[in-house]
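**Student:** Input: one structure, supplied below.
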Amino acid sequence: MPRTVYINGRYCAPEDATVSIFDRGLLFADAIYEVAGVIDGKLLDFASHMQRLDRSLVEMRMPAPLTHDEILAVMRELVKRDQVEEGLVYMQISRGSTGDRDFLPPEGMKPTVFMFAQHKSDVTRQEFQNGIKMISAPDIRWGRRDIKTVGLMGSVFAKWTAKEAGGAEVLMHQDGYVTEGGATSFYIIKDNTIITRPLSNDILHGCTRKALLKILEDGDIGLDERLYTLDEAHSADEAFITGASTFVCPVVQIDDAVLGTGKPGPVTRRLQDIYMDFIHKDAI
Ligand SMILES: Cc1ncc(COP(=O)(O)O)c(C=O)c1O
């Protein structure tokens with residue numbers, strides 16, 4: 001089936017979607033992005049992604065090129081045209097092009113916007129069922145990880161390290177403390193309490209994290225948002241990652257440390273069930 005993408009107000013084939021070589025997204029990674037998960041052919045956490053997009057736009061001093069309703073309409077159209085049942089929609093907004101390379105952009109630039117849908121989820125069914133191994137690596141990303149920019153080579157380098165050591169995802173750490181996964185939020189569980197790093201400029205503010213923690217507010221599983229070391233992660237009872245197309249995925253090994261029995265633990269299984277139940281009802 002031919003794929004349809006969206007660029008600057010029109011739908012077209014991928015090979016017809018072109019941007020200038022002077023686009024600041026190419027020259028400076030001067031661009032932000034969002035990834036919304038798709039389940040049952042519907043979008044997950046749309047409002048939350050729009051909230052984070054608005055925040056990224058403000059921090060980057062970029063105007064909003066489309067309203068939330070316009071973005072929703074395009075995302076739905078791409079999901080429909082590409083017949084995506086489970087996967088994601090990617091949206092990128094760059095500052096645009098002046099036809100030259102200058103560090104400081106002038107006022108009033110017209111952003112470049114493109115979107116595409118993708119069938120692939122970030123974890124396989126087998127990983128979702130059996131859990132994954134993570135490999136730790138230093139977090140070498142820049143200091144504003146709360147802005148979802150496309151300058152992602154720090155994450156790519158870290159993910160290479162993990163892959164070469166047999167890990168499905170990297171667990172990044174800085175100054176002795178865990179930050180997050182290469183493209184996922186990370187959590188450990190100790191004595192029926194979820195421990196995760198508090199929001200700051202050091203991590204991306206995950207939409208899945210936000211949704212999951214909100215669902216858990218009234219439950220019997222504790223939450224402790226604090227810094228924790230890699231040693232604590234190695235000796236956790238359980239661990240898991242979350243992301244827009246990762247959902248809740250168990251972690252059964254970190255480096256050489258096998259967590260619990262080496263199989264997804266009971267709390268993680270419960271969280272998976274609770275979250276999957278929620279998204280099947282909540283997707284729009
Ligand atoms: C570094 C990082 N952390 C966390 C996440 C998870 O965020 P979300 O749940 O919004 O997909 C992502 C997703 O791309 C990410 O790249």
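No value in this document is a laboratory result; all are computed from the given coordinates. From a predicted model like this one, the values you see are computed outputs, not experimental measurements. Neighbour counts are summed over all protein chains in view; Cβ atoms, including those assigned to glycine, are modelled from backbone coordinates with ideal geometry.
**Student:** Cut-off 13 Å, label point 7 angstrom out along Cα-to-Cβ of Glu77: give me the residues of the range 1-26 whose amide nitrogen falls inside.
**Tutor:** The answer is 4-13, whose backbone nitrogens lie closer than 13 Å to the label point.
**Student:** Run the numbers for Gln174 and Ser235: contour at 0.36 nm per residue of separation, minus the present Cα-Cα distance, in nm.
**Tutor:** Working: separation 61, 0.36 × 61 = 21.96 nm, distance 1.82 nm.
This chain segment gains 20.1 nm when fully extended.
**Student:** Beyond a 20 Å Cα-Cα separation, which of these cross-linked pairs lie in this structure: Lys148/Lys190; Lys133/Lys263; Lys120/Lys159; Lys148/Lys281?
**Tutor:** Exceeds cut-off: Lys148/Lys190; Lys148/Lys281.
**Student:** When a/c reaches 1.5 or more, the comparison of a/b and b/c decides; with that in mind, is the chain rounded, prolate or oblate per its Cα gyration tensor?
**Tutor:** The shape class here is prolate.
**Student:** Of all the Cα-Cα pairs you can form in the range 226-284, what percent are over 18 Å apart?
**Tutor:** Value for the range 226-284 (Cα pairs over 18 Å): 40 percent.
**Student:** Measure nothing but the geometry: give the 0 to 90° angle between the long axis through the Cα atoms of 207-216 and the longest principal axis through the Cα atoms of the chain, rounded to 10°.
**Tutor:** 40
**Student:** Quick check on the exposure proxy: order Lys263, Lys120, Lys159 from fewest to most C-beta atoms within 10 angstrom.
**Tutor:** Lys120, Lys263, Lys159
**Student:** Round to the nearest 0.05 the FRET efficiency obtained for Arg10 and Arg226 when R0 = 51 Å and r is the Cβ-Cβ distance.
**Tutor:** Calculated value: 0.60.
**Student:** How large is the convex hull of the Cα atoms of the range 5-118 per residue, expressed in Å³ as a whole number?
**Tutor:** Spelled out: Cα convex hull of the range 5-118, divided by residues, is 93 Å³.
**Student:** For Phe103, Phe28, Phe186, which order do you get if you count the other beta carbons within 10 Å of each Cβ and list the fewest first?
**Tutor:** Phe103, Phe28, Phe186
**Student:** Among DSSP beta bridges lying fully in the chain, give the percent that are antiparallel, nearest 5.
**Tutor:** Roughly 80 percent of the beta bridges in the chain run antiparallel, per DSSP.
**Student:** Here's a follow-up. For the chain, modelled as a GNM with alpha-carbon contacts under 10 angstrom, which of Ala117, Ala233, Ala13 fluctuates the most?
**Tutor:** Ala13
**Student:** Right, something else. Under a Cβ-only charge scheme (Lys and Arg +1, Asp and Glu -1), can you give me the dipole magnitude of the chain about the Cα centre, in debye to the nearest 20?
**Tutor:** So the dipole magnitude of the chain works out to roughly 580 debye.
**Student:** Rounded to the nearest 10 degrees, what's the angle between the helix 46-60 long axis and the longest principal axis of the chain, both from Cα atoms, 0 to 90?
**Tutor:** Here the helix axis deviates by roughly 70 degrees.
**Student:** Taking GluC sites (Glu not before Pro) as exposed when DSSP calls them loop (any state but H, G, I, E, B) and at most 13 other Cβ atoms lie within 10 Å, what is the longest stretch of the chain free of them, the sites themselves excluded?
**Tutor:** 108-216
**Student:** Using Cβ counts within 10 Å as a stand-in for footprinting exposure, how do Leu57, Leu88 rank, fewest first?
**Tutor:** Arranged by neighbour count, lowest to highest, Leu57, Leu88 become Leu57, Leu88.
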